[in-house]
1. So which of LEU97, LEU65, LEU30 ends up being within 30 Å of ASN172 (Cα to Cα) and aliphatic (A, V, I, L, M)?
2. Among the residues that make up segment 11-22, is at least one of them touching a residue at least 24 places away in the same chain (Cβ under 8 Å), among the β-branched types (Val, Ile, Thr) and open to solvent by 30 Å² or more (accessible area, probe 1.4 Å)?
3. When you scan segment 36-47, do you find a residue that is touching a residue at least 40 places away in the same chain (Cβ under 8 Å) and closer than 13 Å to PHE122 by Cα, even just one?
4. Working only within segment 127-173, note down all residues that are out of contact with any Gly (no Cβ under 7 Å at 6 or more places or on another chain) and of a type in the set (Gly, Ala, Ser).
5. Output the residues belonging to segment 171-199 that are of a type in the set (A, V, I, L, M), part of a strand (DSSP E or B) and modelled with pLDDT under 95.
6. Please go through segment 197-223 and give me each residue that is closer than 30 Å to LYS149 by Cβ and basic (Lys, Arg), ordered by number.
7. Of the residues ARG140, ARG160, which single one is open to solvent by 20 Å² or more (accessible area, probe 1.4 Å), modelled with pLDDT under 95 and under 17 Å from the mean Cα position of the chain (by Cα)?
8. Go through segment 51-75 and give me each residue that's of a type in the set (D, E, K, R) and either farther than 17 Å from TYR114 by Cα or open to solvent by less than 70 Å² (accessible area, probe 1.4 Å) (or both).
Amino acid sequence: LLDGVPIYNANHLFGFFSVVTPDAVKDVKLIKGGIPSQYGGRVSSILDVRMKEGNSKKLAVTGGLGTIFSRLSIEAPIIKDKASFIIAGRRSYIDALVKPFVKTTNPLKNADFYFYDLTAKFNYRINDKNTVFASGYLGRDIFGLSVFKFNWGNATATARWNHIFNQKLFMNITTFYSNYNYYLEFKAANGQGFEWKSNIINYSVKPDFTYFLNSKTTIRFGAQ
């Protein structure tokens, strides 16, 4: 889950890298069993990732260059101490590094083999009791040769309203859209072949309430 939104096949490069850019991560929670009811009755483990909300004080830029991919993140205030944003992205370039060293007749010369991802989040504190958030993710893995191609990716969009009723009760209302799609294509030398396209699309609204009954008891309730 990325800011409460399901991400399917959450890996890059056949499992070597996560789809979540580390520069944009605020908090990670791993639940391996006994799934709480607010996660919707999941039967497997859950990795709940929350993104940073952006630096509300000053501009901050981080990045890195690597042999497989490079990354860059930018966070800054829009209105100091009131509204801020963060944008983080990565892109691999294995295909670009390989092409100059292979012959023209080599199938790898025209191969596509890379991944990318982009995450963004915005928050605005309306007043002491109301804050709104908006976030999104776009990522894809692409692998293709002249006769065989496949790729997969996720696209998400989230909006969340946080409201504090009083010192004991507060609420989060989250709406989101998630689209995971997968593509596979095979073309034989005789012209025969096939294409396979599939996807999983989620639309959801989730009100979630937390009530602090006393110093020893917290009650959570909601719906989805």
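1. Working: LEU97 fails: within 30 Å of ASN172 (Cα to Cα); LEU65 fails: within 30 Å of ASN172 (Cα to Cα).
The unique qualifying residue is LEU30.
2. Among the residues of segment 11-22, at least one is touching a residue at least 24 places away in the same chain (Cβ under 8 Å), among the β-branched types (Val, Ile, Thr) and open to solvent by 30 Å² or more (accessible area, probe 1.4 Å), which makes the answer yes.
3. The answer is no, given that none of the residues of segment 36-47 is touching a residue at least 40 places away in the same chain (Cβ under 8 Å) and closer than 13 Å to PHE122 by Cα.
4. Taking segment 127-173 as the starting set, the residues that turn out to be out of contact with any Gly (no Cβ under 7 Å at 6 or more places or on another chain) are 127-138, 142-152, 155, 159-173.
Listed by number, the residues that qualify are ALA134, SER135, GLY136, GLY144, SER146, ALA155, ALA159.
5. Kept after step one, since they are of a type in the set (A, V, I, L, M), are these residues of segment 171-199: 171, 173, 184, 188-189.
This time we only want the ones that are part of a strand (DSSP E or B), so: 171, 173, 184.
Selection gives LEU184 alone.
6. To start, the set of residues in segment 197-223 that are closer than 30 Å to LYS149 by Cβ comprises 197-203.
Selection gives LYS197 alone.
7. On the way: ARG160 fails: modelled with pLDDT under 95.
Result: ARG140 is the single residue among ARG140, ARG160 that is open to solvent by 20 Å² or more (accessible area, probe 1.4 Å), modelled with pLDDT under 95 and under 17 Å from the mean Cα position of the chain (by Cα).
8. Our first condition is that a residue be of a type in the set (D, E, K, R); within segment 51-75, this holds for 52-53, 57-58, 71, 75.
Correct list: LYS52, GLU53, LYS57, LYS58, GLU75.
The values are calculated or read from the model by the stated rules, or taken from the named source; none is laboratory data. Just so you know, these numbers come straight off a predicted model, no measurement behind them. Methodologically, a virtual Cβ is constructed for each residue, glycine included, from the backbone with ideal geometry; neighbour enumeration extends over all protein chains shown. In case anyone asks, the SASA skips ligands and DNA or RNA and just uses the protein heavy atoms, side chains included. Shrake-Rupley method; radii C 1.70, N 1.55, O 1.52, S 1.80 Å.
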